[in-house]
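For reference, the structure is listed below as structure tokens.
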Amino acid sequence: MKFKAMLIASAMAFVPASVMAADLTIGFSQIGSESGWRAAETTVTKQEAEKRGINLKFADAQQKQENQIKALRSFIAQGVDAILIAPVVATGWDEVLEEAKESEIPVILLDRTVDASDDLYMTAVTSDLVHEGRVAGKWLVDEMAGAKCDIVELQGTTGSSPAIDRKNGFEEGIAGSDNLKIVRSQTGDFTRSQGKVVMESFLKAVGGENICALYAHNDDMAVGAIQAIKEAGLKPGEDIKIVSIDSVPDIHLAMLEGEANATVELTPNMAGPAFDALDAYFSNGVVPPKWIQTESKLYTLKDDNKHIYETKRYLGY
Ligand code: GZL
């Protein structure tokens, strides 16, 4: 495949750009299917590759970094034209990214970042994860309007860039509001099942009547927590306000029922901008910026959650 990239580079003046993408073989190391959002990202990535005639080699890591490293080494051995990776955690990538660089295979990060020198990847297609947390925090500040509020927090996967950045962003968002306090914070690993289990432990430890709000780093953990809150005889969305991130269909369904209050949207289409960047690179030698930022939008009970649910449920979730 590498030879093809050189051919493309040398013949780029004579082959229409639209044909370029069709010649590409791209390896995609996906984290797994821990959340509705992740499943949608996988579906959309395959659709975007199909649209462009890209030969996509897909590897599901079942949330294990060692499986992602194995997949990257396999893609390198196969001589793919480029690699996409959604890195499960932020550290431990230098060696394998060096190997990709030595093989002159461009790597693009999707939806999460890595603690490695940015010359080890072509670009990162992500949202502003700190901003997402800040928006969630500021929403709660406005919602509480000065009233006392003890908060419990369901963190994403330990060591992942969204868990680190969304925690920091939320704390920035509530800084200066002494009425708001995070009284418990623990990882729910971005899954519904763990979100429920950890919320049950919060309810036991703190007492449901003492919890004013839940901040969950993704909607799936919030949906699991809603189950736990209801089983404890409390009203999610009323007794305990709920703000989370992703804007998957089921959180809008919960908002329709008044069982959740706000979510910050994360697009599952990180691959489209990545494929476009690779097409421009292979067709015209255009090197993308190190960060291609995707939008973040706050949805609340004021929005038409029925319409949003109906629209989103057909988008691969
Ligand atoms: C964030 C992304 C997170 C989603 C979760 O960019 O990596 O991973 O918010 C998913 O739903 O598990």
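Points worth noting:
- Output for region 89-110, where each listed residue is within 16 Å of the ligand (Cβ to nearest atom) and open to solvent by less than 10 Å² (accessible area, probe 1.4 Å): Ala90, Trp93, Ile108, Leu109, Leu110
- Qualifying residue in region 168-178 (condition: in contact with a His (Cβ under 8 Å, 6 or more places away or on another chain), within 13 Å of Glu132 (Cα to Cα) and open to solvent by less than 50 Å² (accessible area, probe 1.4 Å)): yes
- Once region 144-167 is narrowed to residues that are surrounded by fewer than 17 Cβ atoms within 10 Å (Cβ to Cβ) and within 18 Å of Ile242 (Cβ to Cβ), the residue that is nearest to the ligand (Cβ to nearest atom) is Asp150.
- Pairs are defined by a Cβ separation below 6 Å, a sequence spacing of at least 6 or placement on different chains, a first member in region 143-160 that is among the acidic types (Asp, Glu) and at pLDDT 95 or above, and a second member that is open to solvent by less than 30 Å² (accessible area, probe 1.4 Å) and within 16 Å of the ligand (Cβ to nearest atom); the pairs so defined are Glu153/Tyr215.
- Among residues of region 179-192 that are farther than 10 Å from Thr158 by Cβ and assigned to a loop (DSSP other than H, G, I, E, B), those with a beta-carbon under 6 Å from a residue that is open to solvent by less than 60 Å² (accessible area, probe 1.4 Å) and among the β-branched types (Val, Ile, Thr) at least six positions away or on a different chain give the pairs Gly188/Val198; Phe190/Thr157.
- Leu140 falls short of the stated requirement of being touching a helix residue (DSSP H, G or I) at 6+ places or on another chain (Cβ under 8 Å), within 16 Å of the ligand (Cβ to nearest atom) and in the same structural domain as His217 (by TED's automatic domain parsing).
- Condition met for Ser283 (open to solvent by less than 10 Å² (accessible area, probe 1.4 Å) and away from the ligand (no atom under 15 Å from the Cβ)): yes
- In region 244-260, the residue that is farthest from the ligand (Cβ to nearest atom) out of those that are touching a Ser or Thr at 6+ places or on another chain (Cβ under 6 Å) and at negative phi is Ile251.
- Only listed residue being buried (at least 17 other Cβ atoms within 10 Å of the Cβ) and over 30 Å from Thr113 (Cα atoms), chosen from Ala232, Ala225: Ala232
- Which listed residue, of Gln293, Gln227, is within 13 Å of the ligand (Cβ to nearest atom) and not assigned by TED's automatic domain parsing to the domain that holds Glu104: Gln293
The values are calculated or read from the model by the stated rules, or taken from the named source; none is laboratory data. On a predicted model such as this, the values are computed, not experimentally measured, just so you know. With ideal geometry, Cβ positions are generated from the backbone for all residues, glycine too; neighbour counts draw on all protein chains shown. In case anyone asks, the SASA skips ligands and DNA or RNA and just uses the protein heavy atoms, side chains included. Shrake-Rupley method; radii C 1.70, N 1.55, O 1.52, S 1.80 Å.
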